[in-house]
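J.: Starting off with a structure, shown below.
Nothing in this text is a laboratory measurement; each read-out follows from the coordinates by a stated rule. No experiment lies behind these values; they were computed from the predicted model shown. For neighbour counting, all protein chains shown are included, and Cβ atoms are generated from backbone atoms with ideal geometry for every residue, glycine included.
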Amino acid sequence: MCGLLGFISAHGDAGALAPAFGPALHDMRHRGPDDDGVWSDDDVVLGFRRLSIIDIENSHQPLAYADERYHIVFNGEIYNYVELRERLTSEFGARFHTDGDTETIVAGYHHLGPSIIGELRGMFAFVIWDSHEKVAFGGRDPFGIKPLFTLTDERGTFFASEKKSLMDLAPERRAVDTRALQHYLELQYVPEPATLTAGIERVQSGTSFTLRPGAAPAYDRYFRPDFRPQRSSDPEALYRRIAEALEDSVAKHMRADVTVGAFLSGGIDSTAIAALAKRHNPDLLTFTTGFEREGYSEIDVAAESARAIGVEHITKVVTPQEMMDILPLIVWYLDDPVADPALVPLYFIAREARKHVKVVLSGEGADELFGGYTIYHEAISLAPFDKVPGPLRRGLGKAATVIPEGVRGKDLLRRGSKTLEQRYYGNARIFRPEEMGFLRSFDPAVGHADVTAEHYAATTHLDGSTRMQYIDLFTWLRGDILVKADKMTMANSLELRVPFLDTVVFEAAAGLAVDEKLTQGTTKFALRRAMELIVPAHVLNRPKLGFPVPIRHWLKDEMYDWARSIVNESQADALIDKDAVLRMIDAHRAGPHDHSRKIWTVLVFLLWHGIFVEDRIHPDVPETVYPVQV
């Protein structure tokens, strides 16, 4: 994993911008502390920061191919690169000068053209420049594991792994996209392709592009997750298929010339990954984090799992003071605000892991593929409301508004009165429209349907629970889960790999019927059955906990003054009614209602605004001091 930076000039004067790439690359030095490089001609500048994982002594980037016809910058890992190299050699006589996966991509493009992107099994964002045809080609992996930001102005088009590097090259880009801000307050992240900075966007997951100088990028969606639920006639064969697909994915994700460890929580996903990884590395190190407060730590369960699968285990306990101290730096690393408190413990455990390994495996993606969220049951439990006539259903919603907060049944009526398309927009739901009175730019025409409508339109043939999974793949997964995984590990120059988010594993999950995912009061039923001989019994049917963070309690006590000071010092008055936010903080402290997630969402935005808009907050960004090999 690394950091790339590219510019395709509209005027044939790219070389003049090359000196500015040095500072912009330095701002993403955490993504690649081992090596850097810049290459340019009249049309293009390509820059790179490298974290050396495969073919450490070679595979320097920007990498040239075919007598310098092509140059590529590539962030990520291609796990089937060995097989692709063999195919390109046998079918086309391809010649390679390195032993890495980067050259495999550009060689594949030379011989197969843009279709090569559909052959890549891995996580990636890359840009290839063809100097003969004067065209750039690139794209992102199917699920959006690796980021790629883009900016087009009168000079040409820029690409980067970090938005802050684009802002270095276009310092006038400071205006807040108020539409994106409203989505952020609703969802706790900015949904693709937008960013919170007007004029800067993201290349979407599963999308490739071509670009000629002076033209706008032409995008093509090469991957769309195709769920095909159908109950299996041979459940045992189904479970074997899932287990074999995951075992093959983990085996390929273990390919590296450095040490690979694993994150380990108390759940089935990370435990399954760690148990399979140990088959390839008997000395596997695992890592987990938690808090001293009871009910907010999986350290004990993870330690029991580590003993059961026979791996060495390392833990990190996070204090509220550490959270307060580190949050501005975390927001700087994020580029755009993500109001998921689990970012903080993830940052600390990544920092701890980087002392021992250079790569970790993790369990992200299992819930979205195999039906792991309890809320997916909602489509089943609320099905009776679908038979209620529209006017009566809307009447139930109006009745819910007069029921006091906290009264049992209020939320059931409110959600049951809405269709699936109206009520579900992903796992995170922070501010409802009627709660956004503090947002000065509030627009009632802006809502989650802006983000979800096209995905619901593509899934009318599916059952409700599977549609919810599909929505999460395009919202929650790529907006929250994968952003925090990439940003917090890369902040510590640590590569994170996610074996569940593999196209072969997805194919094994795509055909599961609803009752093979959500049945017998549990979630991920088929995955649990598939892992019976791999995962320890005490984990197999344990409810999902994740990385819960006790901000509900801390914002009443240890974090109360700190939270108020962030609001009082902010200069975002044109966007946020700060007095309303202060009242929310005080109401949370007084109780009985829990406003902690809402408060945290606003605090993260205000810190982001102080860093990237006001230029008032300057986190102390550490230099990278890691060795090349671990």
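J.: Modelled label-to-label distance, Glu83 and Asp463, 7 Å Cα→beta-carbon offset: nm?
T.: 3.1 nm
J.: On to the next question. What size of dipole, in debye to the nearest 20, comes out for the chain about its Cα centre when the only charges are +1 on Lys and Arg C-beta atoms and -1 on Asp and Glu C-beta atoms? Don't jump to the answer; show the numbers that get you there.
T.: Numbers: 70 positive and 90 negative charges, 433 e Å.
So the magnitude is around 2080 debye.
J.: Determine the relative contact order of the range 218-321: mean sequence separation of Cα pairs under 8 Å and six or more apart, normalised by residue count, in whole percent.
T.: Numbers: 106 pairs, mean separation 22.3, N = 104.
Contact order relative to length: 21 percent.
J.: Per residue of the range 301-312, what does 6.51 cos²θ - 1.76 cosθ + 1.60 with θ = phi - 60° give for ³J(HN,Hα)? Whole Hz please, x for Gly and Pro, Karplus curve as stated.
T.: Those phi angles translate into 5, 5, 5, 5, 5, 4, 5, 5, 9, x, 10, 6 Hz.
J.: Only Cα pairs under 8 Å and at least 6 apart count here; give the relative contact order of the range 3-221 as a rounded whole percent. Please report the intermediate quantities before stating the final value.
T.: On the way: 465 pairs, mean separation 46.0, N = 219.
Computed value for the range 3-221: 21 percent relative contact order.
J.: Hey, another quick one. Report, ordered by chain and residue number, the lysines lying within cross-link reach of Lys578, taken as a straight Cα distance under 19 Å and ignoring same-chain residues fewer than 8 apart.
T.: The qualifying lysines are Lys556, Lys598.
J.: If you don't mind, another one. Have a look at Pro235, Leu166, Leu412 and report the one farthest towards the positive end of the charge dipole of the chain, computed about the Cα centre with Cβ charges (Lys/Arg +1, Asp/Glu -1).
T.: So the residue we want is Leu412.
J.: Can you figure out the FRET efficiency of Asn541 with Arg231, using R₀ = 25 Å and their beta-carbon distance, to the nearest 0.05? Display every interim value, and only then the final one.
T.: Details: r = 22 Å, r/R0 = 0.86.
The formula returns an efficiency of 0.70 here.
J.: In debye to the nearest 20, how big a dipole does the range 1-63 give about its Cα centre with +1 on each Lys and Arg Cβ and -1 on each Asp and Glu Cβ? Please list the in-between numbers first.
T.: Details: 4 positive and 10 negative charges, 58 e Å.
Charge dipole, the range 1-63, about its Cα centre: 280 debye, nearest 20.
J.: Considering only the other residues whose Cβ falls under 13 Å of the Cβ of Val318, what net charge follows from Lys and Arg at +1 and Asp and Glu at -1?
T.: Details: positive: Arg293, Lys316, Arg351; negative: Glu292, Glu298, Glu322, Asp325, Glu352, Glu558.
Net local charge, Val318 excluded: -3.
J.: Further question: Tally Lys and Arg at +1 and Asp and Glu at -1 over the other residues with C-beta under 11 Å from the C-beta of Ala94: what net charge comes out? Intermediate values should be presented prior to the final figure.
T.: Numbers: positive: Arg85, Arg87, Arg95; negative: Glu86, Glu91, Glu103.
Local net charge: 0.
J.: What is the set of long-range amide H partners of His313 at a cut-off below 5 Å, with H atoms built 1.01 Å from backbone N?
T.: Counting only residues 5 or more places away or on other chains, the set is Thr286.
J.: Taking only the alpha carbons of the chain, what extent do you get along each of the three principal axes, in Å, biggest first?
T.: Principal extents (Cα only, largest first): 72, 60, 48 Å.
J.: Oh, and also: Need the full-extension length gain, Gln571 to Ala303, defined as separation in residues times 0.36 nm minus the C-alpha distance. One decimal, nm.
T.: Values: separation 268, 0.36 × 268 = 96.48 nm, distance 4.49 nm.
So the chain would gain 92.0 nm between Gln571 and Ala303.
J.: Under a point spin-label approximation (7 Å from Cα along Cα-to-Cβ), what is the Glu133-Glu57 distance to one decimal in nm?
T.: Distance between label points: 3.5 nm.
J.: May I pose another question? Measuring from centroid to centroid over Cα atoms, what is the spacing of the range 284-331 and the range 132-154 in Å?
T.: 36 Å
J.: Also: Report the extension gain between Asp41 and Ala587 in nm, rounded to one decimal, defined as 0.36 nm multiplied by the number of residues separating them, less their alpha carbon distance.
T.: In short, 190.6 nm is gained.
J.: How long is the gain from Asp67 to Asp557 if the chain were fully straight, where each residue apart is worth 0.36 nm and the alpha carbon distance is subtracted?
T.: Values: separation 490, 0.36 × 490 = 176.40 nm, distance 6.39 nm.
The span from Asp67 to Asp557 would gain 170.0 nm if fully extended.
J.: Something else about it: What is the sum of charges, Lys and Arg at +1 and Asp and Glu at -1, for the other residues whose Cβ falls under 9 Å from the Cβ of Gln571? It would help to have the intermediate numbers written out before the result.
T.: Numbers: positive: Arg616; negative: Glu569, Asp573, Glu614.
Result for the local shell: -2.
J.: On to the next question. Taking only DSSP H segments of four or more residues, each worth -39500 (n - 2.57), what value at 222 nm results for the chain once the sum is divided by all its residues, to the nearest 500 deg cm²/dmol? Mind dumping the intermediate values first?
T.: Working: 25 runs with 237 residues, N = 630.
Per the formula, -11000 deg cm²/dmol.
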